[in-house]
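Novice: What follows is a structure written as structure tokens; I'll ask about it next.
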Amino acid sequence: MKLSEIIAENELTVFSPSKQPEVEIAHGYVSDMLSDVIANAGKDCVWMTMQTHSNVIAVAALKDMAGIIIVGGHKPSDETITLAKSKGVCVLGTKHTAFDITGRLFASGLKGETMSP
Amino acid sequence: MDGQLIQMEFPVKGGNFGGAGDAASKIKNILKQLGIRYEIIKRVAIASYEAEMNIVAHAAEGTIVVEINPNAVVVAAKDKGPGIPDIDLAMKEGFSTASQQIREMGFGAGMGLPNIKKATDDMTIKTEVGVGTELTFKIFLTDNREETLK
């Protein structure tokens with residue numbers, strides 16, 4: 001599944017656009033604990049979190065993620081959006097909770113890394 | 001890189017959460033430019049980020065010195081900080097002395113040092129309470145170990 005398809009199908013808000021909207025998403029990851037994410041999330045994933053501060057951008061960039069999805073209608077700070085744009089990190093948003101957006105993505109075929117082929 | 005040694009130093013400011021991750025990001029980019037394998041870069045990035053966050057979260061200031069030799073990437077994170085009174089306790093997953101504010105940001109889960117240990121081939125901590133800590137880790141470039149980290 002492509003990032004652009006995920007954005008369109010789930011009507012995600014784009015806070016900071018992707019430089020590679022056609023990238024194939026490898027898997028999804030859900031966590032608000034940054035040390036967990038830095039250790040366990042993989043390349044080209046989408047990361048669901050309700051953390052909105054600027055450190056999420058450094059984590060996503062370090063892990064070569066495809067994008068961050070801020071859940072529950074939360075909005076990233078201006079500082080976060082500015083940093084994301086300058087680093088080319090894709091930041092998206094949804095009104096859905098972490099559970100619901102993850103369920104939607106899972107139902108449309110995206111899996112976690114441990115269940116990915 | 002035959003026989004060559006590359007050394008770089010990055011200052012890290014305590015409490016500067018806005019700039020946290022900058023040193024790890026620079027280190028990652030340099031390793032990329034050197035054509036180091038992605039599996040190695042990934043492990044260096046995890047460990048460097050955690051080491052940098054430890055300085056930001058706990059110390060007044062510090063430096064991260066990276067040495068890339070033909071065999072390994074060696075990173076030394078030195079800080080002027082509170083020191084670690086009990087290293088065994090600090091190594092325990094889940095133990096943390098981080099403030100509530102830091103925990104709310106998603107840090108301070110007591111995963112930092114264990115993450116560094118898991119991601120690296122060698123890790124040593126020298127520390128003195130009230131003076132500071134020097135954390136050194138090494139990742140071999142020739143490592144072909146089974147992939148256990150994602």
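Novice: Search the range B:109-131 for residues being more than 15 Å from the chain's Cα centre (by Cα) and small (Gly, Ala, Ser), and hand back the single one that is surrounded by the most Cβ atoms within 10 Å (Cβ to Cβ).
Specialist: Result: B:Ala109.
Novice: So, of the residues in the range A:1-36 that are at the interface with chain B (Cβ under 8 Å from one of its Cβ atoms) and surrounded by 20 or more Cβ atoms within 10 Å (Cβ to Cβ), which turns out to be nearest to the chain's Cα centre (by Cα)?
Specialist: A:Leu34
Novice: I'm trying to understand the selection: among the residues of the range B:44-71, which are surrounded by fewer than 21 Cβ atoms within 10 Å (Cβ to Cβ) and either in contact with a Ser or Thr (Cβ under 8 Å, 6 or more places away or on another chain) or under 25 Å from B:Gly130 (Cα atoms) (or both)?
Specialist: Restricting attention to the range B:44-71, the residues satisfying the condition of being surrounded by fewer than 21 Cβ atoms within 10 Å (Cβ to Cβ) are B:60-61, B:63, B:65, B:67, B:69-71.
Across the range B:44-71, the qualifying residues are B:Ala60, B:Glu61, B:Thr63, B:Val65, B:Asn71.
Novice: So, restricting to helices (runs of 4 or more DSSP H) that lie completely within the range B:80-141, which ones have at least 2 residues that are modelled with pLDDT of 95 or more and within 11 Å of chain A (Cβ to nearest Cβ)? Can you show your working first?
Specialist: Values: elements: B:87-90, B:100-104, B:112-119.
Helices (runs of 4 or more DSSP H) meeting the threshold: B:112-119.
Results for (1) more than 14 Å from chain A (Cβ to nearest Cβ); (2) touching a strand residue (DSSP E or B) at 6+ places or on another chain (Cβ under 8 Å), shown as yes or no for each residue.
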residue: B:Gly14; (1), (2): yes, yes
residue: B:Lys42; (1), (2): no, no
residue: B:Ala47; (1), (2): no, yes
residue: B:Val56; (1), (2): no, yes
residue: B:Ile68; (1), (2): yes, yes
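Novice: Right, here's the next one. Would you be able to tell me the number of residues in the range B:54-73 that are touching a helix residue (DSSP H, G or I) at 6+ places or on another chain (Cβ under 8 Å) and in a strand (DSSP E or B)? Walk me through how you get there before you give the answer.
Specialist: Taking the range B:54-73 first, the residues touching a helix residue (DSSP H, G or I) at 6+ places or on another chain (Cβ under 8 Å) are B:54, B:56-57, B:61-62, B:64, B:66, B:68, B:73.
Checking which are in a strand (DSSP E or B) leaves us with B:61-62, B:64, B:66, B:68, B:73.
The qualifying residues number 6.
Novice: Just to be sure I understand, how many residues within the range A:37-53 are surrounded by fewer than 21 Cβ atoms within 10 Å (Cβ to Cβ) and within 21 Å of B:Ser48 (Cα to Cα)?
Specialist: Total satisfying the criteria: 5.
The values are calculated or read from the model by the stated rules, or taken from the named source; none is laboratory data. Everything numeric here is computed off the predicted structure, so don't read it as measured data. In this analysis, Cβ positions are derived from the backbone assuming ideal geometry, glycine residues included, and neighbour counts consider all displayed protein chains.
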